[in-house]
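Only one structure is covered here, and it is reproduced in the block below.
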């Protein structure tokens, strides 16, 4: 199989909010990308214990599958100060340090008014050391093949924004759908090695346009009708740690 190249590298500091582009990151064995889905915005009715964190279904948090208006917010996270900045349109919506109790409460009140859902109570910003609020129970890195996305776009007859799929690593150079043949195989990126674990089943979150915050497609339906499945991308687990950089070559054993 031909080698590919990393053309996009992202993490999502807060589950459901916009991505942070990266130039480089260091992968650790058995871990997701550092800082990915570190925080989440839990519904007021969701019970999460930071002292004993466990995987919870994504429906217990604000997330695009149900809450498409989240895409109207552009988020920026400063790791050094643990400060989250939210922009709406061209203006500042709110800025708060998530390790400061009062600032965090102020951010939670913002989401309460922004979402306008009194039945689920005031949202709570949650986190726990070493915990990732990924949709998967396992700590994976998600990989999207851009040629596969181009194939879907050609068949649907319209451009499809790659960030609909909220991947960590976007690669170019593989044939369309070749990534599905990699399950059970290993790949190398720089000094890091990853084992491809499973295809990624897609949900209604991909229907939300990340540029307009509108539900303007039905991606799972399109995938199923065109290909007989609702898969886009693969999950991989890190087996050997190492630094990876935008532009790095991805080779498969």
Mind checking whether some residue in the stretch 241-250 is out of contact with any strand residue (DSSP E or B) (no Cβ under 7 Å at 6 or more places or on another chain) and closer than 30 Å to residue 70 by Cα? no
Of all residues making up the stretch 19-42, the number that are part of a loop (DSSP other than H, G, I, E, B) and surrounded by fewer than 22 Cβ atoms within 10 Å (Cβ to Cβ): 9
Which listed residue, of 106, 55, 131, 138, is assigned to a helix (DSSP H, G or I) and either touching a residue at least 24 places away in the same chain (Cβ under 8 Å) or over 22 Å from the mean Cα position of the chain (by Cα) (or both): 106
Is it the case that some residue within the stretch 7-16 is under 13 Å from the mean Cα position of the chain (by Cα), under 19 Å from residue 114 (Cα atoms) and either in a loop (DSSP other than H, G, I, E, B) or outside the structural domain of residue 167 (by TED's automatic domain parsing) (or both)? yes
Quick one: which residue in 19, 118, 50, 13 is touching a residue at least 24 places away in the same chain (Cβ under 8 Å) and farther than 30 Å from residue 185 by Cα? 50
Filter the stretch 227-238 down to residues that are in contact with a helix residue (DSSP H, G or I) (Cβ under 9 Å, 6 or more places away or on another chain) and in a loop (DSSP other than H, G, I, E, B) and give me whichever is surrounded by the fewest Cβ atoms within 10 Å (Cβ to Cβ). 229
What's the number of the condition residue 230 fails, among (1) over 22 Å from residue 59 (Cα atoms); (2) touching a strand residue (DSSP E or B) at 6+ places or on another chain (Cβ under 7 Å)? (1)
Note on the stretch 203-220: residues within 19 Å of residue 157 (Cβ to Cβ) and in contact with a strand residue (DSSP E or B) (Cβ under 6 Å, 6 or more places away or on another chain) are 207, 215
Filter result (part of a helix (DSSP H, G or I), touching a residue at least 60 places away in the same chain (Cβ under 8 Å) and out of contact with any helix residue (DSSP H, G or I) (no Cβ under 8 Å at 6 or more places or on another chain)) within the stretch 141-169: 163
State the number of residues belonging to the stretch 182-226 that are assigned to a helix (DSSP H, G or I), surrounded by fewer than 16 Cβ atoms within 10 Å (Cβ to Cβ) and without any contact (Cβ under 8 Å) to a residue 60 or more places away in the chain. 3
Please work out which one of (1) over 26 Å from residue 57 (Cβ atoms); (2) surrounded by fewer than 20 Cβ atoms within 10 Å (Cβ to Cβ) is the condition residue 170 fails and give its number. (2)
Against the definition (touching a residue at least 40 places away in the same chain (Cβ under 8 Å) and in contact with a strand residue (DSSP E or B) (Cβ under 8 Å, 6 or more places away or on another chain)), how does residue 79 come out, yes or no? no
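The values are calculated or read from the model by the stated rules, or taken from the named source; none is laboratory data. If you're wondering where the values come from, they're calculated on a predicted model, not measured in any experiment. Neighbour counts are summed over all protein chains in view; Cβ atoms, including those assigned to glycine, are modelled from backbone coordinates with ideal geometry.
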